[in-house]
1. Note down the magnitude of the dipole of the chain about its Cα centre, charges +1 on Lys and Arg C-beta and -1 on Asp and Glu C-beta and zero elsewhere, to the nearest 20 debye.
2. Mean separation of Cα pairs under 8 Å and 6+ residues apart, divided by the residue count of region 266-319: what relative contact order is that in percent?
3. Equivalent ellipsoid semi-axes for region 178-335, as square roots of 5 times the alpha carbon gyration tensor eigenvalues: give them largest first, rounded to whole Å.
4. Could you work out how far helix 184-198 tilts from the main Cα principal axis of the chain, as a 0 to 90 degree angle to the nearest 10?
5. Contact order normalised by length for the chain, with contacts defined as Cα pairs under 8 Å and 6 or more residues apart; what percent is it?
6. Among Gly326, Gly301, Gly81, which one shows the biggest mean-square fluctuation in a GNM of the chain, springs joining Cα atoms closer than 10 Å?
7. Give, rounded to the nearest 20 debye, the magnitude of the charge dipole that region 77-224 has about its Cα centre when Lys and Arg contribute +1 at Cβ and Asp and Glu contribute -1 at Cβ.
8. Mind checking the angle between helix 115-129 and the chain's longest principal axis? C-alpha axes, 0 to 90 degrees, to the nearest 10.
Amino acid sequence: MDTKIGALDVCKPASNEVGSLPNGTAMAIQNSVPSTVINSSEATLGRHLARRLVQIGVTDVFTVPGDFNLTLLDHLIAEPGLTNIGCCNELNAGYAADGYARSRGVGACVVTFTVGGLSVLNAIAGAYSENLPLICIVGGPNSNDYGTSRILHHTIGLPDFSQELRCFQTVTCYQAVVNNLEDAHESIDTAISTALKESKPVYISISCNLAGIPHPTFSREPVPFSLSPRLSNQWGLEAAVEAAAEFLNKAVKPVMVGGPKLRVAHAGDAFVELADASGYALAVMPSAKGLVPEHHPHFIGTYWGAVSTAFCAEIVESADAYLFAGPIFNDYSSVGYSLLLKKEKAIIVQPDRVTIANGPSFGCVLMKDFLRALAKKLNHNNTAHENYRRIFVPDGHPLKCAPREPLRVNVLFQHVQKMLSSETAVIAETGDSWFNCQKLRLPAGCG
């Protein structure tokens, strides 16, 4: 096996809690509602879906109207706890729901059949790769059109209504096609609860003629979900912590690096607690920027191999032990698999698995449980951070642009840095802007 970290496979991520915020604070899902009988004329599929979204913490839904979803949108708009936010196109709606899920724990968008579904697909695929629970709701064909040879508008001109579904099957963890009311209640609830448990997007297609039809299964206020929390194997947790503590306490200058799976593991707070307790120098991978507080006293920057922020790579790669929490080692994050890291020096902590160097691997161990337990076992060691302080040289101030001189990138990002506060967030496209944004120092509260 290749001994370089950048060549390792990583285990499949899993979620730990339902609807948690990125910093690990659990978002409350309403835990009690009166068993209210609903007026029979209001006991509709559309109302049930609206109430479910509000129950799980969605107060804003991002939509693009189309004739297949208009009746459904009427019912969503009628829900007092839900705000309809119209978007210019489906891709915008999908990415808005993606950002909402990052901030609030779960997001939702509503589009129309095929022409809308295929347009939103790229955003849903992105949410899948980022482990975000996103409810993608599509207004589907009339239930009476299924099984016929009819060709519908907004399609590719074939009497086959499954093209959209087949596309979504590869980028969602569950797909529900609701074209009859008998199993609509079960299908919708299964889809939403699966999104929350798996922390992945789901697809719900609702026939356009069903949203406003009353049905006995919707005659009572929906009972809130009761989803069992995932738990660590206690024996595995204790063994993993013991092995990791022994490994790290022998090291002279250990460091810790946060990866993008800190979000899905809801382990951001636990990671900071470990940094506080251990005194280790603290860095982040490029795709984890914003998940770890950069105002932390031991923060040393973005670790990105040869293009790391100044002096960060020297400290990480010279360490005799490094703990990576939630890393993804792909061609981009590893700079073409060129990271100067060795597997025998590393502890890799994934959302539900811990691997110690070339030695043992412990499954069914949740990241946040492991990090919190490990914090109690480590000796304080700030050697790596002290080394960083000795070699660190602050960035100089770029020369001011002369009148009519073309704007330089370093001057531009100096202005951007001054604009950042706890009330702002940075959205960076992957490319040159992504690279330069790694150099920004995010103040407390800035994502």
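1. The calculated dipole for the chain is roughly 1140 debye.
2. 27 percent.
3. Calculated on Cα positions only, the semi-axes equal 45, 19, 12 Å.
4. 0
5. 18
6. Gly81
7. Dipole of region 77-224, to the nearest 20 debye: 240 debye.
8. Relative to the chain, helix 115-129 is tipped by roughly 30 degrees.
The values are calculated or read from the model by the stated rules, or taken from the named source; none is laboratory data. As the structure is a prediction and not an experimental result, all values here were calculated from the model. When we count neighbours, we look across all protein chains shown, and the Cβ atoms used for this are built from the backbone with ideal geometry, even at glycine. With ligands, DNA and RNA removed, areas are computed over all heavy atoms of the protein, side chains included. Shrake-Rupley method; radii C 1.70, N 1.55, O 1.52, S 1.80 Å.
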